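Heads up: the structure comes next, in structure tokens.
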Amino acid sequence: MTEICNFSFSLQGWNIVCNKSLTADDWKQGYTYLRNQSETFEDFTPKLAFLPPLKRRRLSDSARLFFEAAWDLVGENADMPVVYASSNSEMNRNFALWHSLLKKEGDVSPTSFSLSVHNALIGQWSELRQVKSETTSIMARVDNLETALLEATLLLNEGHEKVLVVIAESPLEAKYNAQPVIRTPLGYALALVVTKGEQYQLTLTDSPFNHDVTDNALTWVSHQYLESHAWQTPSSSNGTWLWQKN
């Protein structure tokens, strides 16, 4: 086994918001349980009472989850660097635009088009929270969480006191029968405020990952509820991330 990189960090706080209502016991069952039972969970829609109705109407489902997860977490001190990571991002809005263009009107809404790009959510966040610090949008497939945390650690090394990391995913709607596609079992946004420290240690190795984990962020949340101190997740480079919680 060869170590590729190693870094550590601490969390000032974290929050997970899903489009389904889950209990602590649900989270402890792990990803496979969430995938198999997703249709049985009660639906949940964030109210976003902290935003005016006009602002709320422009937010997609992913954006609503993003705002609900991060708003109270950062409090009044929202002007910090942000790292947003997602594999699907505004995929449903993109499919709707294609449907509108090819099947219906033959034209698309300029507003919807501008909000369909990968960094649209972080742009809306920076506008409404008056963020003047650096913002970054990435897509790293299975290890969005770990890659975003690495990016946050590099920002901390540049002198920032804390960084907001948000991982957000919304499954492709069932009416879009696209193949092949991996649909996450639920829509979610995981927000973390990252600081310097030794609370967590992450090590990337070149060892192949041989377990059934297909969403590292949801797996991370499960291990928080399980109060785990060590676990593993896959990397996009076919290696393995080793997690250690001190």
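The values are calculated or read from the model by the stated rules, or taken from the named source; none is laboratory data. Just so it is clear, the structure is predicted and the values come from calculations on it, not from any experiment. For accessibility, only protein heavy atoms count, side chains too; no ligands or nucleic acids. Shrake-Rupley method; radii C 1.70, N 1.55, O 1.52, S 1.80 Å.
The table below gives the values:
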| read-out | value |
| --- | --- |
| For segment 150-158, Karplus couplings with θ = phi - 60° (6.51, -1.76, 1.60), whole Hz, Gly/Pro x | 5, 4, 5, 5, 5, 5, 5, 5, 7 |
| Solvent-accessible surface (1.4 angstrom probe) belonging to residue 160, in square angstrom, nearest 10 | 60 Å² |
| Sulfur and carbon atoms: percent of accessible area, the chain [1.4 Å] | 48 percent |
| Most fluctuating residue given options 15, 36, 119, as computed from a GNM of the chain linking Cα atoms under 10 Å | 36 |
| For segment 23-91: accessible area per residue (Å², 1.4 Å) | 52 Å² |
| Per residue solvent-accessible surface (Å²) - segment 129-246, probe of 1.4 Å | 45 Å² |
| Residue 25 accessible area, 1.4 Å probe, all protein chains in place, Å² to nearest 10 | 100 Å² |
| 0 to 90° range, to nearest 10: angle between helix 91-103 axis and the chain longest Cα axis | 30 degrees |
| The chain: mean projected area of Cα convex hull, nm² | 14.0 nm² |
